[in-house]
Structures are given as C-alpha cells and as structure tokens.
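Right, one structure below, let's go through it.
Laboratory data are not the source of any read-out in this text; all were calculated from the coordinates shown. It should be emphasised that the depicted structure is a prediction, and the values quoted were computed from it without experimental measurement. Virtual Cβ from ideal backbone geometry, glycine too; neighbours counted across all protein chains shown.
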Amino acid sequence: MEEMAEKDNKQNFLDVLVPLLLSKKLFIIKFCAIFILISIVYIFSIPRKYKSTVTMLPEMTSQTDVSGSLGALASMAGVKIGGGSKDAIAPEFYPKVLSSSVFMIDLLSMEIELKPGKKVTLYDYLDKYQKTPWWDISELFSSKKEQKAPLDPLRLTKQQQKIVKAMQNSLFCMVDKKTDLITIEVSMQDSEIASFVANKIQERLTEYIVNYRTSKLRNDLDYISKVVDETYNEYKEAEREYVDYADSNRDVFLEKSIQKAKSLNNQLQLSYTAYSQAVQQKQLAKARLQEHTPVFVVIQPGTVPLLPSEPKRVIFVFVMSVFAFVLSTGWVVLKNLYLLEFMHKYKNK
C-alpha cells in the first residue's frame, strides 16, 4: 500500500511539473538558445590544434646479450625482461628531461619552415605566429624589449617564461613502466609543424641520452687518441734518431758507438711497444663506446595529422546544450517550488 501511495504521489508531482515546464517553454527555449549561441562563439574562438605522436623503445642496458636481443620483442608484447637501466637518467625521468628549461631553450632555438623559403625559430613561431582567442589581450602588454633578449635558461624574462610554459603545455611525454615504451605527443596549431617538432624532439632526446650515456667513454677515447698521437710522434722521433746514428756510424766499431746504437735501438723498441699498446687501448675504447651507445627503436614516427585533436567543438556544444536545458529547467523548478508544493497538495485533497 505504501509503495502504491508513493507511486501515486510521484505521478501527481509529474502531472504538476510537466504543465509548469510547458508553460515556461518559451523561457527555456530562449535561455538554451542564448546559452548555446554563447558556447558556439566561445568554442569557435579557440584555435584548433593538431597532435602528432611518436613512440620509441630504448635499449635495456642492464640485460645480458641474450635478454637484450629478446628485450625489444618482449617489451612490444607487454613484458619487461630484466631490472631496467642503471643510469641516473632512467626512462622514467625522460618526461622531466623534456620539461627542463635547458631542453626547452635548446628546442625553442631550432628553426622551422613556415613556408618555402621562410624559416623562423620555434620561439618566434610560438611568440608571433600563433592565433589567440579574441578575448586574450595579453599581447597588448607584452614588451618588445623583452622579446629581443637572448634566451638564457638561468635568466628568463616574463615573455620568455610565457613561451617556455606554452611549449611545455604543448608537449606530453609518457613512459610505460612495464615496457619502457616512450610516447611523445606534440600539439600545435599547424599539422606540419606538429609532426616536424615531434620528430625533432625524439631526435634531440635520443641525442641527449646518447651523449649522457657515452660522455665518459668519449672522454676516455679522446684521451687515448691523444696518447696514440704522442706515442706515435715519440716512436717516429726515436726511429729517426736511430736511423740517423746508424747511417753515420756504419763503419765505426768502437764500443762506445755500439752501446749508443743499442741504447737508441732499445729506445726505439720501447717507443714502438708504447705506441702499439696505445693503439690497442684505442681500439678497446672504441669497442666499449660502441657497446654502451644506446639504441632507440622508433616504433611510430610523428606523422602529419589530418584532423584536429582539440577543441572538440561538437561534443562541447552538445554538453553545453544539455547543461543549458538542465540549468533552465532547474531554475524554473526552484523558482516555482512553493507553487508546485501547493498545487501538489491541492490535487491530493
């Protein structure tokens, strides 16, 4: 009985609510139309952006040769072999590297091609060639003097900080902790530039990590190369002295001359031994450098997107339409709440 009474009350309430909303339909329609019109003006004033995505897979240096050869295949299957990299900059920290001011300044300094024959830096593109909503008046207060200041990661002006922040917001990097798969996304107002910047970021990140991982080995190789040059010069000098002395004392059989020749010959042999050992060490240094140079497999390069990624205009307008209807009907109900209760009680009597 109570359930039936409750159903009757709900039905009676709907019988009162529906006529009320129908009586206010003109207000609801006008409110929704104005709200939707404002939403359309707003969303169409926001410039569209295109997203280009790069995915790559780094080499696992802590794995053995066998696991290393299977690591890429296992990672693509969703399985990670081994304990991961022992480097200070592990793949988990790559997003931090990309968002650092030093990396950003280096990236903003590169040149992009707006059209055939016209190249500008990425900084100038973000600063001068980006569309902004009509309500954005920040450009009116920007300082031309600040824009000409050199890019210094330790001393950024307010305008430079704004451009760096805009670039950071346009860049997204994610690392899958299970597979170490790196995903880099770049959003730009131009599809061609989005693809170009995404690929350049991948190249510069690869170069950055390779330089970091091999910096000590390259320094060792440079040092041993200098040693090779020095020992070679010493060997050639010892050879020249020995040959000159031997030629000038060919018919001399004095003990002093014989001992001098032996001494020069011994010096020549020592110089040659030092030179040959240095050459061997250089070859080993080259092998170690090659062995420890990381490899990044680019699974998906940054392609030119055909459709914009944001804003989602149709979805936004639809959501705003629903919101406007709910808001307008809610306002009508709240404004006439006492009237609804009175009419509901009157009908129940």
Check: Fewest first, what order do Asp247, Asp127, Asp229 take by the number of other Cβ atoms within 10 Å?
Finding: Asp247, Asp229, Asp127
Margin query: Using a 7 Å offset from the Cα along the Cα-to-Cβ direction at both Ile315 and Gln130, what is the distance between the two label points in nm, to one decimal?
Written below: 2.2 nm
Check: Once amide H atoms are placed 1.01 Å from N in the peptide plane, what residues at a sequence separation of 5 or more from Thr303, or on another chain, have their amide H within under 5 Å of its amide H?
Finding: Thr53
Check: By the gyration tensor of its Cα atoms, with a ≥ b ≥ c the square roots of the eigenvalues, what is the shape of the range 226-291: rounded for a/c under 1.5, prolate for a/b over b/c, or oblate?
Finding: prolate
Next item on the list: Among Met320, Met104, rank each residue by its count of other Cβ atoms within 10 Å, from fewest to most, as a rough exposure measure.
Entry: Met320, Met104
Note to self: Need one number: nm distance between label points at Leu306 and Leu20, each 7 Å from Cα along Cα→Cβ, rounded to one decimal.
What the structure shows: 5.2 nm
Next item on the list: Using a 10 Å cut-off on Cβ atoms, rank the peptides 192-202, 34-44 from the highest mean neighbour count down.
Entry: 192-202, 34-44
Check: How far is the Cα center of the range 99-132 from the Cα center of the range 261-299, in Å?
Finding: 44 Å
Next item on the list: Measure off 7 Å from each Cα along the Cα-to-Cβ vector at Tyr223 and Leu284, then give the distance between these two points in nanometres to one decimal.
Entry: 1.4 nm
Check: Can you give the extra length, in nm with one decimal, that the chain gains between Glu113 and Asp152 once fully stretched, where that is 0.36 nm per residue apart less the Cα-Cα distance?
Finding: 11.7 nm
Notebook entry, point to check: So which of Lys51/Lys200; Lys118/Lys162; Lys30/Lys335; Lys96/Lys165; Lys115/Lys312 end up more than 20 Å apart by C-alpha?
Noted result: Lys118/Lys162; Lys115/Lys312
